[in-house]
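Peer 1: Take this structure first; my questions come after.
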Amino acid sequence: MTTLHPYIAGMGSALPGEPVTNAALGAALGIDEEWVDIFVGTRTRHFAWDLATGDVHHTLADLCAEAAGEAVDAAGLDAADIEFLVLATATPDALLPTTATEVADRLGLNYLPVYQLQSGCSGAVQGVDLARSLIAGGSRAGLVIGGDTTHRHLDAGREARRLPGDELVNYVLFGDGAGAAVLTAEPLGEAVAVRGVLNHFTGLGRPAGQRMDWYGRGGDDPGRPMISEDYKAIEDNVPTMAAEILWELLDRLGWRESDVDFLLPPQLSGRMTERITERLGLAVREISCVADTGNTGNALPFLQLEKLLPELAPGQRALAIAVESSKWIKSGLGLQKTGEAAS
């Protein structure tokens, strides 16, 4: 009989190239390194493109296939054991074929459901939510992948300091990467149970906090930014939403604050994460990575989870919180390490 609580059996990740420091980023974009340190609080990030030339050296499919392969190996499974694949991204390599099907092809997967979710920072949780339904329906193991690349939205040739603030912020916030998890019906591998999922759209009637365009030649407008952020709205809303998610998750799980051992907070930037964790006020261990990876969008929750697993002892619990500011989505996971995994 299939459990209603799936298990994370293994994790994988992929970050392209060498870390890009604030000094290197500032020199390339013509902006002050100290401003990046103070405003964003992110030390390094990775790019799938060359900062000097703009040449792309990794596609999203490259990164997602690498992360997924690592996750399958970490779970102690083979590709033949995978019965579905879900990929969440805001930056697919092409509209068609989907990056999800390209990744399935690279992994040697065939005759299985393959889904691609168009999403922002909540995509990893949305993918786990879908995987939970597929496992409840009888699947025994599947892949959930999240990843993003920035190369088509950021122009390495532009003098960034002349950009308006809602565009400039994206040049210092984002990085590229992918993460993946194998979810199973039985406690295999890492045997971390997904005790609860929160996945709510809460943007009715609210202006978008982030906009990312994708259009063909018929819609080209050289004066229209490909990506823009209402950073002030994000600063004002995300800490409050993170606190609301925390209490909604605790209520849904029937947990008290004292039951939680680890917190995986939203990862917009190093500075914003500091503000959020201070607002939440939980006396638990924080698992964050954004200061070293940059904002990798859909990859971030998986990068945090991969960092969490070696620290999580049997019986311990963790809360993962993600806020998508594009149109305001609340999402989160309640996780618990079980005892010995099954063979």
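Peer 1: Using r as the Cβ-Cβ distance of THR202 and HIS57, and R0 as 30 Å, what FRET efficiency do you calculate, to the nearest 0.05? List each step's numbers first, then the result.
Peer 2: Details: r = 38 Å, r/R0 = 1.26.
Working from the Cβ atoms, E equals 0.20.
Peer 1: Once you compute Rg and the Kirkwood Rh from C-alpha atoms, what is the Rg to Rh ratio for the range 192-337?
Peer 2: On the way: Rg = 16.5 Å, Rh = 16.2 Å.
With Rg and the Kirkwood Rh in hand, the quotient comes to 1.02.
Peer 1: Kirkwood hydrodynamic radius of the range 56-181 from all distinct Cα pairs, in Å?
Peer 2: On the way: mean 1/r = 0.0649 Å⁻¹.
Result for the range 56-181 stands at 15.4 Å.
Peer 1: Where the only charges are on Cβ atoms (+1 Lys, Arg; -1 Asp, Glu), what is the dipole of the chain about its Cα centre, to the nearest 20 debye?
Peer 2: On the way: 26 positive and 47 negative charges, 168 e Å.
About 800 debye.
Peer 1: For the Cα atoms of the chain, what angle does the longest principal axis make with the long axis of helix 60-74, in degrees from 0 to 90, nearest 10?
Peer 2: 30
Peer 1: Around LEU109, under 12 Å between beta carbons, what's the net of Lys plus Arg minus Asp minus Glu among the other residues? Provide the component values of the computation, followed by the final result.
Peer 2: Values: positive: ARG106; negative: ASP78, ASP81, GLU83, GLU102, ASP105.
Within the 12 Å Cβ shell, the charges total -4.
Peer 1: Still on this structure: At 7 Å along the Cα-to-beta-carbon direction for both LYS327 and ALA283, put a label point, then send me their distance in nm to one decimal.
Peer 2: Roughly 4.2 nm, to one decimal.
Peer 1: Determine which lysines satisfy two conditions relative to LYS337: a Cα distance under 19 Å, and not lying fewer than 8 residues away in the same chain.
Peer 2: Cross-link targets: LYS307.
Peer 1: Given 4 °C and 1.567 mPa s, compute D for the range 84-153 with the Stokes-Einstein relation, Rh being the Kirkwood radius over Cα pairs; round to the nearest whole µm²/s. Walk me through the numbers before you get to the answer.
Peer 2: On the way: Rh = 12.4 Å.
For these conditions, the coefficient is 105 µm²/s.
Peer 1: Using alpha-carbon pairs under 8 Å, 6+ residues apart, how would you state the relative contact order of the range 101-210 in percent? It would help to have the intermediate numbers written out before the result.
Peer 2: Numbers: 70 pairs, mean separation 32.7, N = 110.
Value for the range 101-210: 30 percent.
Peer 1: Please list the radius of gyration and Dmax for the chain, considering alpha-carbon atoms only, with Å as the unit.
Peer 2: 19.2, 60
Peer 1: What list do you get for ILE276, ILE321, ILE287 if you sort them by fewest beta carbons within 10 Å?
Peer 2: ILE287, ILE276, ILE321
No value in this document is a laboratory result; all are computed from the given coordinates. The structure displayed is predicted, hence computed values, not measured ones. Here the Cβ is made from the backbone with ideal geometry for all residues, glycine too, and neighbour counts use every protein chain on show.
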